[in-house]
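I have placed the structure first, in the form of structure tokens, so that the comments after it can refer back to it.
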Amino acid sequence: NYERYLKNLVLKNDNIIVYGAGKYGKVILNYLRDINQICKVQFIMISEVLENELQINHIPVISIQNIDKQKWGNSLVLIAVSGISQKDIITNLKNNGYMNYEVLDNVFLSDIDEQQSSNLLVQRDNTI
């Protein structure tokens, strides 16, 4: 079961970096919150350089070029992007010395996204 595998992987690591600030990045952040592991997320890593500081759910978004590899190089990087970009991201991570990474399963992320959307609809219905 992929979810059990991922949960065990997250539990084994003290520092987590989420790669991707888009839809799937937000989905995995919500998932990590649901399993009480959000406190392990140090920041959200992206490829492009930002002009302004950005945060998602109070978690800083930082360009890979601006990260202290000595400090964060052993962190678990959860790659939360669609399949098209994954190969380039893996190459970028390896070139920057990040070897502890997990490419998150797109089907799993889609399923979690649907569950989270359904939960939001149920919560909204209960407040009416």
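The values are calculated or read from the model by the stated rules, or taken from the named source; none is laboratory data. Given the structure is predicted, the values throughout are model-derived calculations rather than measurements. Positions of Cβ are generated from backbone atoms using ideal geometry, with glycine treated the same way; all protein chains shown enter the neighbour counts. Side chains are part of the model used for accessible areas, which takes the heavy atoms of the whole protein and leaves out ligands, DNA and RNA. Shrake-Rupley method; radii C 1.70, N 1.55, O 1.52, S 1.80 Å.
Which of the peptides 63-72, 79-88, 49-58, 27-36 is most tightly packed, and how do the rest follow, going by the mean number of other Cβ atoms within 10 Å of each residue?
Values: 63-72: 12.7, 79-88: 15.0, 49-58: 9.8, 27-36: 17.5.
Top of the packing list down: 27-36, 79-88, 63-72, 49-58.
Dipole size in debye (nearest 20) for the chain around its Cα centre, Lys and Arg Cβ +1, Asp and Glu Cβ -1?
Rounded to the nearest 20 debye, it is 320 debye.
Can you work out ³J(HN,Hα) from phi for every residue in segment 97-102, in order, using Karplus 6.51 cos²θ - 1.76 cosθ + 1.60 and θ = phi - 60°, giving whole Hz and x for Gly and Pro?
Once θ is set to phi - 60°, the couplings for segment 97-102 become x, 9, 10, 9, 9, 9 Hz.
With θ set to phi - 60° and the Karplus curve 6.51 cos²θ - 1.76 cosθ + 1.60, what are the ³J(HN,Hα) couplings of segment 22-38 in order, to the nearest whole Hz, using x for Gly and Pro?
Karplus values, whole Hz, x for Gly and Pro: x, 4, 5, x, 5, 4, 5, 4, 5, 4, 4, 5, 4, 9, 6, 10, 4.
Mind checking which of Ala21, Ser75, Gln116 is farthest towards the positive end of the chain's charge dipole, using Cβ charges of +1 (Lys, Arg) and -1 (Asp, Glu) about the Cα centre?
Result: Ser75.
Of all DSSP beta bridges in the chain, what percent run antiparallel (nearest 5)? Can you show the working numbers first?
Details: 3 of 17 bridges.
Antiparallel bridges make up about 20 percent of those DSSP assigns within the chain.
Segment 26-99: D in µm²/s via Stokes-Einstein (Kirkwood Rh, Cα pairs, 4 °C, 1.567 mPa s)?
It diffuses with D of about 98 µm²/s by this estimate.
Using a 1.4 Å probe over the heavy atoms of the protein chains, calculate the carbon and sulfur portion of the accessible area of the chain as a whole percent.
46 percent
Over the alpha-carbon set of the chain, divide Rg by the Kirkwood Rh and report the Rg/Rh ratio to two decimals. Provide the component values of the computation, followed by the final result.
Numbers: Rg = 14.9 Å, Rh = 15.2 Å.
Computed over Cα atoms, the ratio is 0.98.
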